[in-house]
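Peer 1: This is the structure I have questions about; it appears just below.
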Amino acid sequence: MNPQKFEPSTTIPLTTALNEPALPFGRKVGHMKIGPNRPIGKPVKYFATCDCGHKDFYTVEQLREILSRWGGCGTDGCTALNFRDTVWTSPDSLRMQHSLLLVMCPEEVESWWGGTMDDLAELTPEQGYRNLEAYLDDSGLTGKWLSRKDPFLPFMESNVKLGSEPDKMFMRFDRAKLQVEGEILTMKELCRISKLNADQLLIMIYELGTTDDLLYNLLE
């Protein structure tokens, strides 16, 4: 006999000792769609579909780990490479992070590193990157992800580190606003225009190196 099934509400409360947030049931995060069903009478597992076509049941812990990577299912042959994995595996990882910070939030980056946080200098992005790279080398910092020691302060000397986790700023890019050809557009609007998700759009912006002619390239 087939197990009973039910249609869950948009969000299923999940109480844990750590009081972690509920899974985004019925919604898509990155390349993963969570839901819509789970069987009754089995260990609690949740059905999810990846953009690569893979479908499976996952535990709460497995799904949270997958969603924290912005990503696809991560199975062998998964073609839904997510933003975090793209940056992690890139030989130009630091340059990619620096470039995106200057596009998305230059006011949060010290001007000596190419941003606009103060008025000390006007540098090209390449000069800013070289200064940042030299600072990290001189400080003896190691790691893959650029982040802030104090998330309430900008990216500036004495407040940056390299670690195994990305800065929260990288996780908020889907809510960022960009100046594109004289207009201020949100990432959400650009995703709708391009039919790309936020992480695909970020990679495209990095590859272009600018938001100039972005709309032309999106609609090409």
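The values are calculated or read from the model by the stated rules, or taken from the named source; none is laboratory data. Predicted model only: the values in this text are computed from it and were never measured. Here the Cβ positions follow ideal geometry from the backbone for every residue, glycine too, while neighbour counts run over all protein chains shown.
Peer 1: Does K149 satisfy the criteria of being more than 30 Å from K33 (Cβ to Cβ) and basic (K, R)?
Peer 2: Yes: the conditions hold for K149.
Peer 1: Hey, among the residues in region 101-160 that are closer than 25 Å to M204 by Cβ and of a type in the set (D, E), which one's surrounded by the most Cβ atoms within 10 Å (Cβ to Cβ)?
Peer 2: Going through the qualifying residues, I end up with E108.
Peer 1: Which residues, counting only those in region 169-185, are modelled with pLDDT under 75 and part of a helix (DSSP H, G or I)?
Peer 2: M171, F173, D174, R175
Peer 1: Mind listing just one residue for me: the one in region 139-155 that is modelled with pLDDT of 90 or more and among the hydrophobic types (A, V, I, L, M, F, W, C) and, of those, nearest to S90 (Cα to Cα)?
Peer 2: L146
Peer 1: Now, a different point. Any idea which residue in region 186-204 is surrounded by the fewest Cβ atoms within 10 Å (Cβ to Cβ), counting only those that are in contact with a Cys (Cβ under 9 Å, 6 or more places away or on another chain) and assigned to a helix (DSSP H, G or I)?
Peer 2: By that ranking, first place goes to A198.
Peer 1: I would also like to ask the following. Go through region 140-158 residue by residue and tally those that are in contact with a Leu (Cβ under 9 Å, 6 or more places away or on another chain) and over 14 Å from C105 (Cβ atoms).
Peer 2: Matching residues across region 140-158 total 5.
Peer 1: Looking at region 148-190, which of its residues are acidic (D, E) and within 21 Å of W113 (Cβ to Cβ)?
Peer 2: Correct list: D150, E157, E165, D167.
Peer 1: Here are some residues: E165, E207. Which one is outside any loop (DSSP other than H, G, I, E, B) and either within 20 Å of M96 (Cβ to Cβ) or not assigned by TED's automatic domain parsing to the domain that holds L102 (or both)?
Peer 2: E207
Peer 1: What pairs can you find where one residue is in region 168-193 and free of Cβ contacts under 8 Å to residues at least 60 places away in the same chain, the other is assigned to a strand (DSSP E or B) and β-branched (V, I, T), and their Cβ atoms are less than 6 Å apart, with a gap of 6+ or different chains?
Peer 2: Hits for this filter: K177/I184; K177/T186.
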